[in-house]
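Have a look at the structure below, then the notes.
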Amino acid sequence: MNVPSIVTDRLNAAARAASVKGGEEISAIYVGERLGLADAFLIVSGSSERQVEAIAEAVEDELRINHEDQ
């Protein structure tokens, strides 16, 4: 399976943003060839609802600010 570089770039950026907010057990699943809804899923664990919300916001901000034009 050949994952497009734009997908790996975005996944890496999202994973870094999640990690900065304390995200753990970070996993990525590429589904681009099987699912028309998304290219990949990033799965991240957090220790509380508040932390999960902070992780999600950090990932959204990273992708919106630094990867929106790609």
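The values are calculated or read from the model by the stated rules, or taken from the named source; none is laboratory data. Small disclaimer: the values here were computed from a predicted structure and weren't measured. Heads up: the accessible areas ignore ligands, DNA and RNA and are worked out on the full protein's heavy atoms, side chains in. Shrake-Rupley method; radii C 1.70, N 1.55, O 1.52, S 1.80 Å.
When the surface is traced with a 1.4 Å probe over the full set of protein chains, Val44 keeps roughly 40 Å² accessible.
Mean residue ellipticity at 222 nm from the helices of the chain, using -39,500 (n - 2.57) per DSSP H segment of n ≥ 4 over the full residue count, to the nearest 500 deg cm²/dmol?
The helix contribution divided over the chain gives -17000 deg cm²/dmol.
At q = 0.17 Å⁻¹, what is the base-10 log of I(q)/I(0) for the chain according to the Debye formula with one equal point scatterer per Cα and no solvent? Please give it to two decimals. Results for the chain at q = 0.17 Å⁻¹ read -0.61.
The value of relative contact order for region 27-70, using C-alpha pairs under 8 Å at least six residues apart, is 24 percent.
Run the numbers for Leu37 and His67: contour at 0.36 nm per residue of separation, minus the present Cα-Cα distance, in nm. Please list the in-between numbers first.
Working: separation 30, 0.36 × 30 = 10.80 nm, distance 1.85 nm.
This chain segment gains 9.0 nm when fully extended.
Subtracting the Cα-Cα distance of Val3 and Glu25 from their residue separation scaled by 0.36 nm leaves 5.8 nm.
Per residue, the accessible area of the chain comes to 73 Å² when a 1.4 Å probe rolls over the protein heavy atoms. Counting only protein heavy atoms and a probe of 1.4 Å, the accessible surface of the chain is 48% carbon and sulfur.
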